[in-house]
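Data first, discussion second: the structure below is written as structure tokens.
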Amino acid sequence: MAKKTRNNANGILLLKKWWFWLIFVVAVGMMAVFGGGTDTAETNASNTAAKTAIANFEEMAAAESTEQAEAAERVEAAVQTAEAKADAEVQAKAQAEAEAKLNNPENYRTDITYDQLAQTPDAYYSEMIAMSGRVIQVMQGEGSSQMLVAVDDTEGAVMFLGYESNITESGISENALIKFYGTAAGTISYDSTIGETITVPAAFVNMLKLQ
């Protein structure tokens, strides 16, 4: 018991020594400095790593977004190209079918008369008709030409025809007998050589044969 009392007394005496407290304060200060510095360094390193990771993620996200936008643009362009191609094919097919119809003599009506065209032109507008006659007059042009034809070589049954100038290789001359296949176009009025206004049926010629 005496020994324990003596140790306690020595401990109390040690706490009363000034140099003990000086060492204690210095040690605590050093622990605070070095310990705090380590924590700060680790925190700074962690913050830097986090910022780097976020930056990398944002960069990857931006790149992914750009790639997705470019992919969407490519898909849209492909769709538009396909649609344009489909439209072009449809138009080409429709044009080919229309040309084939115009070039087939069997598609033209032969039951429509001159009098019907003259008296009720609106009823036969755009009808495909086939008629024969004698050429009375030719007005030749570079791209398109016109002529007056006496239908069935009948006097007074004059019809105005428009056609492309290259419709025949040999050309068309007055008094020639022809058979034409064309589209009825109502009536047209023109001035005669004596200044008289004349209204006659009109048609645009698609095919023409010399007889």
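The values are calculated or read from the model by the stated rules, or taken from the named source; none is laboratory data. Since we're looking at a predicted model, the values are computed, not measured. Glycine also receives a Cβ, built like all others from the backbone with ideal geometry; neighbour counts cover every protein chain displayed.
From the list 132, 189, 145, the lone residue that is in contact (Cβ under 8 Å) with a residue 60 or more places away in the chain, hydroxyl-bearing (Ser, Thr, Tyr) and in a strand (DSSP E or B) is 132. Within the bounds of the range 153-160, is there any residue that is surrounded by 11 or more Cβ atoms within 10 Å (Cβ to Cβ), touching a Lys or Arg at 6+ places or on another chain (Cβ under 7 Å) and on the phi > 0 side of the Ramachandran plot? Yes, the conditions are met somewhere in the range 153-160.
Beta carbons closer than 8 Å, at least 6 apart along the sequence or on distinct chains, never pair a first residue in the range 161-176 that is loosely packed, with under 13 Cβ neighbours inside 10 Å with a second that is aromatic (Phe, Trp, Tyr). Taking first residues from the range 192-211 that are without any contact (Cβ under 8 Å) to a residue 12 or more places away in the chain and partners that are in a strand (DSSP E or B), the Cβ contacts under 7 Å between residues at least 6 apart in sequence or on separate chains come to 192/198; 197/189; 197/191. Among the candidates 188, 194, the residue that is more than 24 Å from residue 103 (Cα to Cα) and loosely packed, with under 12 Cβ neighbours inside 10 Å is uniquely 194.
The requirement of being surrounded by fewer than 18 Cβ atoms within 10 Å (Cβ to Cβ) and modelled with pLDDT of 95 or more is fulfilled somewhere in the range 95-104, by at least one residue. I'd like the residue in the range 125-143 that is of a type in the set (D, E, K, R) and in contact with a strand residue (DSSP E or B) (Cβ under 8 Å, 6 or more places away or on another chain) and, out of all such residues, is nearest to residue 155 (Cα to Cα). Per the criteria, the residue is 134. Under 15 Å from residue 113 (Cβ atoms) and surrounded by 14 or more Cβ atoms within 10 Å (Cβ to Cβ), is that true of residue 135? No, not satisfied. The conditions of being within 43 Å of the chain's Cα centre (by Cα) and assigned to a loop (DSSP other than H, G, I, E, B) are not met by residue 106. Between 68, 116, 80, the distinction of being part of a helix (DSSP H, G or I), modelled with pLDDT of 90 or more and surrounded by 10 or more Cβ atoms within 10 Å (Cβ to Cβ) belongs to 116 only. Residues of the range 164-176 that are in contact with a Gly (Cβ under 8 Å, 6 or more places away or on another chain) and not small (Gly, Ala, Ser): 164 alone. For the range 121-128, the condition of being within 27 Å of residue 193 (Cα to Cα) and part of a helix (DSSP H, G or I) holds for at least one residue.
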